[in-house]
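Accompanying notes for the structure given below.
The values are calculated or read from the model by the stated rules, or taken from the named source; none is laboratory data. Since we're looking at a predicted model, the values are computed, not measured. All Cβ positions, glycine included, derive from the backbone under ideal geometry; neighbour counts span all protein chains shown. Only protein heavy atoms, including side chains, enter the accessible area calculation; ligands, DNA and RNA are left aside. Shrake-Rupley method; radii C 1.70, N 1.55, O 1.52, S 1.80 Å.
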Amino acid sequence: MRCRRCGKKGEIRLPRHNAIFCKDCFLVYYTNQVRRNIEKENMFSPEDRILVAVSGGKDSMALWHILLQLGYNVTGIHFNVGIGEYSAKSQEVIESFAQKHNAPVIIRNIPQELHLDVEKLSRRLRRSTCSICGAIKRYLINKITQAEGFDVVATGHNLDDEAATLLGNILGWQEGYLAKQSPVLPSSHPKLAKKVKPLYTLTEEENLRYAIYNDIEFVPDRCPLSKGASSIRYKEVLNRLEELSPGLKQHFLVGFYKKGRKYFEEASAPVQLKECKICGQVTTAEVCSFCRLMEIAKQI
Ligand code: ZN
């Protein structure tokens with residue numbers, strides 16, 4: 001097992017690229033992938049102020065680290081959602097990373113600031129905690145981006161996440177989501193942030209390697225409330241297919257971006273954006289989903 005680039009002893013096998021790398025050459029490969037994704041997809045430039053959403057998991061921590069390494073102007077943002085040990089540990093990991101790398105970070109505590117309990121709200125609405133947390137975080141990220149003058153929001157979504165989302169969207173023929181699924185989501189309104197996913201061609205495994213090789217601390221577990229999420233099942237199915245034909249996952253995703261997405265984009269009617277009657281943020285309804293959640297949270 002020799003490294004494809006330098007001929008030294010190889011450590012990491014990447015069947016979809018038909019390659020084996022040593023540690024140093026893997027880091028070169030990883031860095032080149034991220035740099036290429038940013039440039040090719042016009043995600044951001046060195047002048048931009050980038051807000052990177054960090055959960056404390058390997059993917060977002062790897063993203064935060066590499067963007068700092070590449071010299072970008074990055075600020076981390078973390079939402080503590082108040083889920084026991086998991087949230088406490090995540091915040092700790094993020095604060096210690098920020099200190100070690102002298103990196104600016106914004107930390108917001110959801111239960112304290114909004115006086116709500118995500119688990120209770122989820123039981124009351126019979127809606128998954130992931131979808132509630134997601135709605136709250138998206139709302140706050142748009143607000144913070146606007147208030148603090150950030151140009152773009154970067155998230156750590158990887159190849160496995162994106163391929164699983166795509167599979168789910170296809171299985172349910174979610175035309176609206178298919179039209180919008182992309183490594184770059186431009187801002188469609190001054191109150192909505194541009195969103196990018198610089199790690200969309202890198203797997204979970206590769207982000208894990210990057211984090212370990214760079215001594216980046218991260219929270220190894222998933223959020224305890226995400227158990228049973230359908231995205232986990234889709235990932236398992238895709239992993240099985242990937243074993244049988246390496247490269248299938250990337251081909252599925254990148255092929256969709258290149259060839260498939262445009263059809264959904266063309267077919268989807270332009271959405272009418274309004275301003276929420278309560279908070280003034282952008283929504284397609286009279287009252288935005290965040291304000292509706294807050295109304296219900298008040299009654300519990
Ligand atoms: Zn609102």
So, in the stretch 256-292, how many residues would count as being touching a residue at least 24 places away in the same chain (Cβ under 8 Å) and of a type in the set (Lys, Arg)?
1
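Output the residues belonging to the stretch 177-192 that are aliphatic (A, V, I, L, M) and under 15 Å from the mean Cα position of the chain (by Cα).
We begin by selecting, within the stretch 177-192, every residue aliphatic (A, V, I, L, M); these are 178-179, 184-185, 192.
Selection gives Val184, Leu185.
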Taking the stretch 1-55 as the region of interest, how many residues are in contact with a Ser or Thr (Cβ under 9 Å, 6 or more places away or on another chain) and among the small types (Gly, Ala, Ser)?
2
Out of the residues in the stretch 18-41 meeting the condition of being assigned to a helix (DSSP H, G or I) and open to solvent by 50 Å² or more (accessible area, probe 1.4 Å), tell me which one is nearest to Leu67 (Cα to Cα).
Arg35
For Leu63, only one of the following conditions fails: (1) out of contact with any helix residue (DSSP H, G or I) (no Cβ under 7 Å at 6 or more places or on another chain); (2) closer than 22 Å to Glu243 by Cα; (3) open to solvent by less than 40 Å² (accessible area, probe 1.4 Å). What is its number?
(2)
On the given criteria, is Gly168 modelled with pLDDT of 95 or more, open to solvent by less than 30 Å² (accessible area, probe 1.4 Å) and farther than 25 Å from Thr31 by Cα?
yes
Flagged pairs (Cβ under 9 angstrom, 6 or more apart or on separate chains; first in the stretch 78-98, in contact (Cβ under 8 Å) with a residue 24 or more places away in the chain and crowded, with 19+ Cβ neighbours inside 10 Å; second in a helix (DSSP H, G or I) and basic (Lys, Arg)) are Phe79/Lys137; Val81/Lys137
The conditions are (1) open to solvent by less than 60 Å² (accessible area, probe 1.4 Å); (2) within 16 Å of the ligand (Cβ to nearest atom); (3) within 24 Å of the chain's Cα centre (by Cα), and Cys276 fails exactly one of them. Which is it?
(3)
Checked Val287, Val271 against criteria (of a type in the set (A, V, I, L, M), within 16 Å of the ligand (Cβ to nearest atom) and more than 30 Å from Gly56 (Cα to Cα)); the one match is Val287
Name, by its number, the condition in (1) within 18 Å of the chain's Cα centre (by Cα); (2) in contact (Cβ under 8 Å) with a residue 60 or more places away in the chain that does not hold for Tyr213.
(1)
Determine, yes or no, whether Ser128 is open to solvent by 60 Å² or more (accessible area, probe 1.4 Å), in contact with a Leu (Cβ under 9 Å, 6 or more places away or on another chain), among the polar types (S, T, N, Q) and under 18 Å from Ser87 (Cβ atoms).
yes
